[in-house]
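Student: Pasting a structure below so you can have a look.
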Amino acid sequence: MNYDPLVEVIDAPIEIDESTVTKLHILKMVEKFGSLPGENTAEEKQRLSTVLNDLLGRLIDGVQANPSKLWVLAEFQRSLCLVENEDTEGREHFGAELESIMDVLRIESSDGLLAAYLGGI
């Protein structure tokens, strides 16, 4: 992708406290992509879960020192690049997981970042 959708992101501070970090830990521990449709999806679930858990680990480790929307979405972008070639269903479910993280962090909009990588999902 030659165009960098991060240039469209309007940065804003986000409020982070211990309960926010705890919620991120919980998201990291729960099973992911359980409703991914299709047969023989175990490998796809594992790939997507690994990428998402790596993202959650980076957020847990860094969001208190970098409490900004732009920093979080830059971390999202690193993970989105890794799932660009997954099938549509996988990307849709990955996007839903990212939206859950945004809810925890009280980020209302990705300013087009998710749509740029997930095809308008």
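Here, each number is a calculation from the coordinates, and none is a lab measurement. Note that the coordinates shown come from a computational prediction; the quantities given were computed from them, not determined experimentally. Note that each Cβ is placed from the backbone with ideal geometry, even for glycine, and that neighbours are counted across all protein chains shown.
Student: Can you list the lysines whose alpha carbon is less than 23 Å from that of Lys69, not counting same-chain residues fewer than 8 positions off?
Tutor: Filter leaves Lys23, Lys28.
Student: What residues have an amide H closer than 5 Å to that of Ser68, excluding those fewer than 5 places away on the same chain, when H is modeled at 1.01 Å from N in the peptide plane?
Tutor: Those qualifying (amide H under 5 Å, at least 5 residues apart or on another chain) are Ile14.
Student: Going by how many other Cβ atoms sit within 10 Å of their own, how do Phe76, Phe33, Phe94 line up, fewest first?
Tutor: On the way: Phe76 23, Phe33 20, Phe94 28.
Ascending number of Cβ neighbours within 10 Å: Phe33, Phe76, Phe94.
Student: How many nm is it between the label spots at Arg47 and Cys81, if each spot is 7 Å from the Cα in line with the beta carbon?
Tutor: My value for the distance between the label points is 1.8 nm.
Student: Okay, next question. Could you give the dipole magnitude of the chain about its Cα centre, charging the beta-carbon of Lys and Arg +1 and that of Asp and Glu -1, in debye to the nearest 20?
Tutor: It comes to approximately 240 debye.
Student: State the volume of the convex hull built on the alpha-carbon positions of the chain, expressed per residue in Å³ and rounded to an integer.
Tutor: So the per-residue hull volume is 94 Å³.
Student: Please arrange Met29, Met102 by how many other C-beta atoms lie within 10 Å of their C-beta, fewest to most. List each step's numbers first, then the result.
Tutor: On the way: Met29 10, Met102 19.
Ascending Cβ contact count within 10 Å gives the list Met29, Met102.
Student: If you stretched the chain out fully between Glu18 and Glu31, how much longer would it get, using 0.36 nm times the residue separation minus the C-alpha to C-alpha distance?
Tutor: Full extension from Glu18 to Glu31 adds 2.5 nm.
Student: When a footprinting reagent is the concern and you count Cβ atoms within 10 Å, what order do Ile101, Ile10 take, fewest first?
Tutor: Ile10, Ile101
Student: How charged is the neighbourhood of Asp4? Take every other residue with its Cβ under 15 Å from the Cβ of Asp4, and add Lys/Arg as +1 and Asp/Glu as -1.
Tutor: Values: positive: Arg78; negative: Glu8, Asp11, Glu75, Glu84, Asp111.
Here the count lands on -4.
Student: Another question, if that's okay. Kindly identify the stretch 1-49 as rounded, prolate or oblate by the Cα gyration tensor criterion: order the square roots of the eigenvalues as a ≥ b ≥ c, call it rounded if a/c is under 1.5, otherwise compare a/b with b/c, prolate if a/b is larger, else oblate. Please list the in-between numbers first.
Tutor: Working: a/c = 3.91, a/b = 1.29, b/c = 3.04.
Since a/c reaches 1.5 but b/c is at least a/b, the shape of the stretch 1-49 is classed as oblate.
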